[in-house]
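The values are calculated or read from the model by the stated rules, or taken from the named source; none is laboratory data. What you see is a predicted model; the values in this text were computed from it and never measured. Quick reminder, even Gly has a Cβ in these numbers, built from the backbone with ideal geometry, and neighbours come from all protein chains shown. Surface areas here come from the heavy atoms of the whole protein model, side chains and all, with no ligands, DNA or RNA. Shrake-Rupley method; radii C 1.70, N 1.55, O 1.52, S 1.80 Å.
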Amino acid sequence: MRTVIRRRVTRMISAFLFQPPLPISPKHQYSLLPLTTTQRFLTASHSFRTLSTKSIPNMQDSASVSYLSQREAAEIDETLMGPLGFSVDQLMELAGLSVATSVAEVYKPSEYSRVLAICGPGNNGGDGLVAARHLHHFGYKPSICYPKRTSKSLYTGLVTQLESLSVPFVSLEDLPENLSEDFDVIIDAIFGFSFHGAPRPPFDAIIRRLQTLQKRPVIVSVDIPSGWHVEEGDHEGGGIKPDMLVSLTAPKLCAKSFSGPHHFLGGRFVPPSVAEKYKLELPSYPGTSMCVRIGKPPKVDISAMRVNYVSPELLEDQVESDPVLQFRKWFDEAVAAGLRETNAMALSTTNKDRKPSSRMVLLKGFDENGFVWFTNYESKKGSDLSENPFAALLFYWEDMNRQVRIEGPVERISEEESENYYHSRPRGSQIGAIVSKQSSVVPGRHVLYDEYEELTKKYSDGSVIPKPKNWGGFRLKPNLFEFWQGQPSRLHDRLQYSLQEGNPAWIIRRLAP
Ligand SMILES: NC(=O)C1=CN([C@@H]2O[C@H](COP(=O)(O)OP(=O)(O)OC[C@H]3O[C@@H](n4cnc5c(N)ncnc54)[C@H](OP(=O)(O)O)[C@@H]3O)[C@@H](O)[C@H]2O)[C@H](O)CC1
Ligand SMILES: Cc1cc2nc3c(=O)[nH]c(=O)nc-3n(C[C@H](O)[C@H](O)[C@H](O)COP(=O)(O)O)c2cc1C
Ligand SMILES: Cc1ncc(COP(=O)(O)O)c(C=O)c1O
Ligand SMILES: [K+]
């Protein structure tokens, strides 16, 4: 019996695969961009979040994206839910989750918490209900306007789930006159790819209201900006102008005329067979993300880029009297929070002309004797330090709203310590240190590469790779520390530890932010 079913399913899948595809819709080139750093979260609950697997959408330089006709979109849906074994509930869940994660990439709950999902009668409306549920769990405060409900259990279930979370349902009549005052984000989940003709009541009126909205609230359209022709787009003009469009599976033809700042793709469930059959060119989703940015880069107003830091207070009576212990505490917390390269620090030096210079280096150890890093003694920093043996170190642990400044005199560590550390490094990095006459001009990458290859061959027998004489460690012996904890309204905590001549005890003072 089971074999018969398996054979039937195999037949269905191959019938689908070998069916001639519909005429391919025109393709359009779009560049893909990384998310800006400002698009990361900083809210009370996220100030100390551990680094998640959430990666930066879009690390590709460019990619082309296919556009689907209305017929292709419907056919792909049928295929997914037919021979490919998906259920509508599943696809809707993934679609709604993609919408919620796209919203969260751009509109942080700290600023855009009040969300109104306006849900239409079909699956697009269902995506809106699912998205609202996820947004609730992400820390938003969604409300739902769902004027034309269906009695199908999928939808009644979604409504029950939202009700159990106390997500309010608002009737069309009870929607506030001025949507801008009550909501930060409107999710337009009214019509999707099955929309045809002109909008009929009661949706015509609400679409008209969305057309005339001012800057806020922002509008996020699910799959199709409602009221737009699925293929022609806003062909008569005057349609709604969403700030964000989340296309599902692949953008529909109307998305070509979307000119808003944020175009995302969601629906990470397209099996390769479907992509092949429809010659779909789709960007790859980064990491574990459910969405990927497509389209033009968002125009950002650099002067308006800012984060309001929210963190626990840093108080005099809570900190260690020894700044090295305090640093240890913060360093361990940063490591525990999973921050990347917790030991990366900016090192600032000056030359004999008092001209400063900064670069990143990796902290390789610290204790009461000082803070150690390794480098080439003949590099720019090496020469600066021989001219002026004082330096400043700076750590910035962004996800924790923390900064640490450390200053003091610098000296070379012993040859023995440098030898020990050098030989603990990966062999490739040891060879790299020989190859790199750090900070000198190189005619081309090939020069480094050729020497690297040669030395790799030379030491392929596993013999000891000698440390270059000019490579080793520096140790900064601090006479000043500052622990900075970001706070709202720029009223940060700054606790400075300093030493006074001839006195080994650290003095702790609060500095104005
Ligand atoms: N593959 C995916 O990524 C998935 C996407 N999903 C989402 O599903 C929609 C398509 O859903 P569908 O149910 O086929 O259609 P719509 O949501 O667009 O809406 C159909 C209902 O709207 C009514 N309608 C159509 N035109 C009008 C109009 N001019 N005025 C008023 N009402 C209209 C229609 O009623 P009819 O009587 O006209 O048939 C329907 O009631 C897709 O876009 C994605 O968002 C799925 O969630 C899963 C997978
Ligand atoms: C995160 C990070 C860590 C780095 N760590 C080191 C390091 O430990 N030692 C080093 O010599 N260069 C390191 N570099 C490279 C330096 O930033 C710099 O390019 C190089 O040391 C040359 O600097 P200089 O010309 O000012 O001497 C690092 C770069 C980054 C981005
Ligand atoms: C040029 C250079 N030297 C040294 C280092 C430190 O590397 P390691 O951790 O292998 O000592 C780095 C790290 O980025 C580097 O870029
Ligand atoms: K929509």
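With the cut-off at 1.5 for a/c, could you classify segment 332-430 from its C-alpha gyration tensor as rounded, prolate or oblate?
Details: a/c = 1.84, a/b = 1.16, b/c = 1.59.
Here segment 332-430 falls in the oblate category.
Computed from Cα positions, the angle between helix 2-18 and the longest principal axis of the chain comes to roughly 90 degrees.
Taking label positions 7 Å along the Cα-Cβ direction at both Glu111 and Met81, the computed distance is 3.8 nm, reported to one decimal.
Please give the contour-minus-distance gain from Asp322 to Val335: 0.36 nm per residue of separation, less the Cα-Cα distance, rounded to one decimal in nm.
On the way: separation 13, 0.36 × 13 = 4.68 nm, distance 2.01 nm.
So the extension gain works out to 2.7 nm.
Among 449-456, 92-99, 477-484, the peptide with the highest mean count of other Cβ atoms within 10 Å heads the list, and the full ranking is 92-99, 477-484, 449-456.
Here each label is just a point 7 Å from Cα along the line to Cβ, and for Val270 and Asp204 those points are 3.5 nm apart. The Rg/Rh ratio of segment 438-513, with Rg taken over Cα atoms and Rh as the Kirkwood radius over Cα pairs, comes to 1.31. Considering only Asn479, Val441, Gln496, and ranking their Cα positions along the charge dipole of segment 387-513 that arises from unit charges at the beta-carbon of Lys, Arg, Asp and Glu, the one farthest toward the positive end is Gln496.
Using a 1.4 Å probe, how large is the accessible area of Lys437, given in Å² and rounded to the nearest 10? Surface accessible to solvent at Lys437 totals approximately 120 Å².
Tell me, what % of the accessible area of the chain is carbon and sulfur with a 1.4 angstrom probe?
Values: 13810 of 25560 Å².
Roughly 54 percent, rounded to a whole number.
Axis of helix 445-458 versus longest Cα principal axis of the chain: the two differ by about 70°, to the nearest ten degrees. What is the dipole size for the chain, taken about its Cα centre, with +1 at each Lys and Arg Cβ and -1 at each Asp and Glu Cβ, in debye to the nearest 20? Here the chain has a charge dipole of around 1000 debye. In terms of its C-alpha gyration tensor, segment 150-282 has an oblate overall shape, because the principal axis ratio a/c (a ≥ b ≥ c, square roots of the eigenvalues) is not below 1.5 and a/b does not outweigh b/c. Comparing Ser171, Gly266, Tyr309 along the charge dipole axis of segment 167-313, the residue lying farthest to the positive side is Gly266, per the Cβ-charge model. Looking at segment 423-486, the accessible area is 58 square angstrom per residue; that uses a 1.4 Å probe and ignores ligands, DNA and RNA.
Based on the mean of other Cβ atoms within 10 Å per residue, sort peptides 351-362, 135-146 so the most packed one is first.
For the peptides 351-362, 135-146, the packing ranking is 135-146, 351-362.
Pairs with C-alpha atoms separated by more than 20 Å, drawn from the list Lys252/Lys296; Lys355/Lys381; Lys352/Lys437; Lys215/Lys299; Lys364/Lys467, are Lys352/Lys437. What is the log10 of I(q)/I(0) for the chain, computed with the Debye formula using one identical point scatterer on each Cα and no solvent, at q = 0.06, 0.10 Å⁻¹? With one equal scatterer per Cα and no solvent, log10 I(q)/I(0) is -0.43, -0.93. Shown in residue order for segment 407-414 are the 3J(HN,Hα) couplings computed by the Karplus curve 6.51 cos²θ - 1.76 cosθ + 1.60 at θ = phi - 60°: 9, x, x, 10, 9, 6, 7, 6 Hz (x for Gly and Pro).
Take Glu313: with every protein chain present and a 1.4 Å probe, its accessible area is about 120 Å². Here segment 131-183 and segment 402-463 have alpha carbon centers that stand 59 Å from each other.
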